1. Sort out which residues of region 185-206 are of a type in the set (D, E, K, R) and in a helix (DSSP H, G or I), and write them in order of number.
2. Can you confirm whether region 11-18 contains a residue that is more than 19 Å from SER112 (Cα to Cα) and not aromatic (Phe, Trp, Tyr)?
3. So, in region 628-663, exactly how many residues are free of Cβ contacts under 8 Å to residues at least 12 places away in the same chain and polar (S, T, N, Q)?
4. Would you point out which residue out of SER98, SER140, SER178, SER167 is over 20 Å from TRP75 (Cβ atoms), at pLDDT 95 or above and of a type outside the set (A, V, I, L, M, F, W, C)?
5. Looking at (1) farther than 30 Å from GLY80 by Cα; (2) modelled with pLDDT under 95, which is the one condition that is false for GLN184?
6. Residues to consider are ASP391, ASP398; find the one that is over 20 Å from LEU323 (Cα atoms) and in a helix (DSSP H, G or I).
7. Among the residues of region 532-557 satisfying the criterion of being of a type in the set (D, E, K, R) and in a helix (DSSP H, G or I), which is farthest from ASN624 (Cα to Cα)?
8. Which of the residues belonging to region 115-174 are among the β-branched types (Val, Ile, Thr), assigned to a helix (DSSP H, G or I) and closer than 30 Å to GLY216 by Cβ?
Amino acid sequence: MMLSAAEIEDLLANNGSGLTPDEYDEQPETEDVMKNRATLLTPVLETCRQLWDAKSDDLKLVAQRLGDGSRDVAWRIAFGESGILNFFLEINAAKSLSPDLQLHTLRLVGNSCADTDQNRARVVGANLFKPIMDLLEDESLTPVVVPVLYNIVVDYAQLHASQANLSAALIGRLAGPSIDEFAQLVTYMCKTLVLIGGQDGEATRADPSTVRVLLGLATHEPFSSDIEDFAILTSAAAAYLSMEEFQVRLISDGQLPLLLRATKHANTVFSDVQDEEGEDLTALLKAMRSTFQQTLADVTAQDIFLKQHPLNDPVSSELFSWLNGANRPLRSAACLSLGNLCRSDATSKAMVQEHKAHEPLIRLIADPDARDAQELHAALSFLKNMAIPIDNKSVLVDVLEPACVPRVLALDSMPQVQFAAVSLIRLLLINSPNNAEAICSRWRNAGQTDESQPDTVQKLAELFKRSDTEPVKMEIARGILGLCRVVQSQPVQSVLKDIAEANNVHDDEELRERFWKRYDFTEPLVYLVAQTKWPSVRSEAWFVFALICRSQGGGRALSKALEDEKAFSSLTEAVTGEQCVVTDVSEEAPTDAGLVPGGTSLQLEPQQIDPARQSDMARVDRENAVVMCQELLKHQPEDWPRRGALQALASQGTRKIVEGKSS
């Protein structure tokens with residue numbers, strides 16, 4: 001039985017739901033009701049086939065009614081189950097439809113696939129996706145084809161769309177001369193590109209000009225002045241720039257100025273968007289800026305960047321101008337980007353000695369009003385990279401001024417920022433007595449020492465006590481260990497200048513004695529050897545401990561630390577290789593090793609672990625620990641509670657060392 005277009009219209013109207021998609025979802029129908037709808041469409045499908053076979057123009061009227069009916073969500077599954085969707089997909093693939101029939105066919109397909117995975121599966125399973133995609137070449141159909149493709153791809157079939165080269169087809173349309181006529185479709189096209197961009201193999205299938213086209217549109221009218229258009233275009237570009245292939249191409253093809261222009265645009269033209277503009281818009285702007293920062297960071301992390309854009313290149317010069325500017329988001333982006341370039345000592349030294357990149361960072365961190373966590377973290381991270389070369393350390397001493405990085409130690413609400421600050425201080429102490437002197441000096445006001453203010457070392461020790469963040473505590477402990485190493489391994493009149501001037505003392509041993517009286521490092525020292533997560537750090541601690549105990553003050557500090565059971569257990573393990581309780585030597589019979597202090601005839605000296613010989617770690621740890629035991633036994637009183645146990649350890653350790661040398 002053939003139905004007229006009017007009869008089909010009545011059938012759809014009388015048996016639909018009349019509800020919006022949201023309302024329909026809240027009132028689910030039974031399976032029987034949905035099956036009944038599909039059955040009702042049986043004569044409709046037969047009518048369509050007869051009209052197609054007869055090449056009747058009436059098919060376009062039927063298609064129009066079906067396209068209208070497909071807007072009712074209740075008919076979507078029924079169109080698929082009845083075979084109507086497949087019928088129109090197949091005639092669409094025939095590529096001989098009249099303009100009107102083509103239009104209504106697309107409407108039916110697009111509406112049927114909206115939020116309906118069963119119908120999307122029919123499109124993909126029958127290999128009928130590409131014929132729809134090919135219609136993008138027809139400008140008259142583009143306004144309909146783009147939403148249809150989006151309805152199929154969203155939440156489904158993105159890999160299939162990628163394999164069909166949909167992104168290249170969309171870029172071809174976006175790059176065309178008629179793009180202004182399709183401005184309202186940019187959102188759909190870019191959302192589709194974002195969905196496709198994350199698919200495996202898309203990097204090799206996509207049009208090489210994808211990023212250039214998207215950023216080019218974003219930075220030109222009419223899209224550059226509309227925040228939503230700008231955001232969706234740049235989001236699509238970022239989706240492709242998350243792929244290494246496109247990052248490298250952006251650099252090698254000279255497209256980086258486009259990315260910089262878009263980043264600057266996002267942070268200047270739209271900088272006056274306030275909360276009153278709407279929470280959604282404000283959130284969009286925040287996300288967009290964050291995306292640009294991450295994208296720039298990813299791109300500048302590529303090895304090819306400096307080869308293509310050295311530090312005196314216009315691209316790098318633009319980044320330096322952001323670093324010296326007042327725009328916070330751009331300044332943060334510059335910190336991340338330029339910081340990524342410091343992958344060699346030569347570049348890091350050029351950053352400091354030629355480009356003075358540290359100076360705006362010092363001003364930023366020293367600003368008491370600077371409390372943006374992201375900006376501070378970016379600045380500190382950049383300084384950390386520049387602090388690695390030895391030649392830079394003395395130049396960066398102003399970083400350690402009390403008003404600069406040390407002030408950040410008080411920002412307890414920003415543990416990540418505190419970690420970056422502590423890590424920077426630790427790096428600046430390595431092989432730099434000048435910087436060690438800086439953190440041991442108290443605040444000076446008009447040339448006079450302010451005794452009421454703690455120095456940076458004391459601030460670090462205080463932060464260690466109150467912080468519950470493991471990485472922060474570890475970095476503080478390592479920094480303090482580095483300071484102790486400096487104090488114990490070289491003349492200290494210049495390092496402990498503040499103590500020398502305050503007490504009119506110039507003898508190295510007396511200065512060390514006062515150093516150990518000023519600071520209480522018990523908890524950080526215990527922490528270093530009690531932890532088991534970083535064996536190399538523990539080994540470094542045993543080496544420095546062996547140096548520390550050569551002074552009376554250092555020995556007292558370590559003896560106090562060893563009163564902690566975890567620390568003493570770690571020492572026992574380092575000496576014996578086992579976690580066990582060591583018997584007091586006074587309870588044992590004398591042995592050939594004697595009560596030495598621990599067998600000094602071996603003439604042991606503190607040894608630092610060679611990173612290339614990690615297999616020697618246990619042996620070197622034992623020798624350093626034995627040296628420490630021997631030195632402690634020299635300086636501690638006879639009634640020291642740990643003396644007996646330490647003598648036993650020294651004896652056991654000495655025997656093991658002798659056995660190791662003879663084997």
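The values are calculated or read from the model by the stated rules, or taken from the named source; none is laboratory data. Quick caveat: nothing in here was measured; it's all calculated off a predicted structure. Methodologically, a virtual Cβ is constructed for each residue, glycine included, from the backbone with ideal geometry; neighbour enumeration extends over all protein chains shown.
1. LYS191, GLU202, ARG205 - these are the residues of region 185-206 that are of a type in the set (D, E, K, R) and in a helix (DSSP H, G or I).
2. Taking every residue of region 11-18 in turn, none turns out to be more than 19 Å from SER112 (Cα to Cα) and not aromatic (Phe, Trp, Tyr).
3. So the answer is 2.
4. SER167
5. If we test GLN184 against (1) farther than 30 Å from GLY80 by Cα; (2) modelled with pLDDT under 95, just (1) comes out false.
6. Of ASP391, ASP398, the one residue that is over 20 Å from LEU323 (Cα atoms) and in a helix (DSSP H, G or I) is ASP391.
7. The selected residue is ARG556.
8. Listed by number, the residues that qualify are ILE132, THR142, VAL144, VAL145, VAL146, VAL148, ILE152, VAL153, ILE171.
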